Amino acid sequence: MACTLNRDDPLGGLPPKHCLNGGYKPVFTNRLQLEEALSFCKTTLENNLKENVNLVRVSAPLFVTRASGFNDNLNGVERPATFEPRDFPGTHLEVPFSLAKWKRWALHYYGVEAGKGIVTDFRGLRCDDDVDFTHSLYVDQFDWEKHIAVEDRNIDYLKATVKAIYKALYDTEQAVCKKYGIDAYLPEELTFATSDDMIKEHPTATPKERENILCEKHKAVFFIGIGGMKPDGQLRHDGRAPDYDDWITERPDGGHGLNGDLLLWNPVLKQSFEISSMGIRVNPEVLLKQLDLCGVNERKEFVWHKMLLDGTLPQTIGGGIGQSRTCQYLLRACHIGEVQHGWYNPKEVEILKKDGIQLLGLGEFDADPSAKSS
């Protein structure tokens, strides 16, 4: 999702103005009932995903070694949360940003055959992420990966998989709305669009503005082609690491990339809202090209990259579906802190509290509750 946080605004992480000063009423005011609803949303979505995409739930690591190269590098500049075990100084362990690389290795590790995949209940930390009404330092998502045949590395297979995932989300919304008396909003059919076409149609618009144009019109959109540069050297539409999604392969429509973002129009926030990013993963040839384009050829020496380049790791498609982000949408919350235990700008927390918007757990404090203990 294209970033909208204005870092020059000390209160830039607050929800849109129309949600403040009494303009927003939460669906749940009882915290325990909210927790039950959160559990229902996540369980229902996971079960629908497993059925629609043919996935099996597996356990996942909370940290990986830096030397393995298994951590997702996101845009290549974010700092991972890192620590050294007490008895093993010099060993650097990192909390993953996501399991984009680990999942592909896990398919090999578990011996998953083509046509079947895995899904994990991933929890991570992103120390350099924006902290606002849709972003948090704490990441929870259904990280999934599916073994595919070589001939399935094409746009048609990507679209078929996206439709299966959207159907899981659509059915989940129907169930949640029926159970809690919420008006359903998602359309039955998903619209596909490409970043290449949207740049041509709206050359002066920002990435976020292009997302808003699409989503306000269609309500649910899969935006194809994330990562890579335009001819002027600027990002085509948001960044992607060079070693998981394929963002350079030319498609039959003349555009590039076999990946994309699943975007919805959020009726509470009145803006586009990313639920998931996914794509067909790099093969050895594409990996080498994208590493070179990004100037990070040294990664070829990492364990994970060697396993991909020598053919040990299978061809795959995969992605992540934000759990808290999805719950924020389904339960019509205006701030992600209403559905997730996190930490947020204390000044903004105070404003939200005065406006009757309750954040979960320690996120509701306008200061560190232990700070005055001394």
Carbon-plus-sulfur fraction of the accessible area of the chain, 1.4 Å probe, in percent? 51 percent
Quickly work out the residue 88-to-residue 307 label distance, labels modelled 7 Å from Cα along the C-beta direction, and quote it in nm with one decimal. 1.6 nm
Matching label for the computed P(r) over Cα pairs in 20 Å bins from 0, in percent, out of [x] 28, 60, 12, 0; [y] 30, 56, 14, 0; [z] 24, 48, 25, 4, is [x]
In nm, spacing of pseudo-spin labels at residue 174 and residue 189 (7 Å Cα→C-beta vector): 1.7 nm
Can you work out the Karplus-derived ³J(HN,Hα) for every residue in segment 106-115? Use 6.51 cos²θ - 1.76 cosθ + 1.60 with θ = phi - 60°, whole Hz, and x for glycine or proline. 5, 4, 5, 4, 8, x, 6, 7, 4, x
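Longer than 25 Å from Cα to Cα, which of 42/179; 17/353; 42/306; 50/159; 103/208; 50/306 are they? Say none if no pair is.
Working: 42/179 14 Å; 17/353 15 Å; 42/306 35 Å; 50/159 18 Å; 103/208 29 Å; 50/306 30 Å.
Listed pairs above 25 Å: 42/306; 103/208; 50/306.
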Taking only protein heavy atoms and a 1.4 Å probe, what accessible area per residue, in Å², does the chain have with all protein chains in place? 46 Å²
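Using the Cα atoms as the points, what is the convex hull volume per residue of segment 224-353 in Å³? Don't jump to the answer; show the numbers that get you there.
Values: hull volume 22.8 nm³, N = 130.
Dividing the Cα hull volume of segment 224-353 by its residues yields 175 Å³.
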Using θ = phi - 60° and the Karplus relation 6.51 cos²θ - 1.76 cosθ + 1.60, list the HN-Hα couplings for segment 317-331 in order, rounded to whole Hz, with x at every Gly or Pro. 10, x, x, x, 10, x, 6, 5, 4, 5, 5, 4, 5, 5, 9
Set the Förster distance to 41 Å, then compute FRET efficiency between residue 270 and residue 79 from the Cβ-Cβ distance, nearest 0.05. 0.80
Pull out a ≥ b ≥ c, the square roots of the eigenvalues of the alpha-carbon gyration tensor of segment 171-273, then state rounded if a/c is under 1.5, prolate if not and a/b is larger than b/c, and oblate in the remaining case. prolate
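If one computes P(r) from the Cα atoms of segment 79-126, what percent of pairs lie at distances over 18 Å?
On the way: 531 of 1128 pairs.
Counting pairs separated by more than 18 Å, the tail of P(r) holds 47 percent.
The values are calculated or read from the model by the stated rules, or taken from the named source; none is laboratory data. What you are looking at is a predicted structure, and each value in this text was computed from that prediction instead of being measured. Positions of Cβ are backbone-derived with ideal geometry, glycine not excepted, and every protein chain shown enters the neighbour counts. Keep in mind that these areas ignore ligands, DNA and RNA; they rest on the heavy atoms of the full protein, side chains included. Shrake-Rupley method; radii C 1.70, N 1.55, O 1.52, S 1.80 Å.
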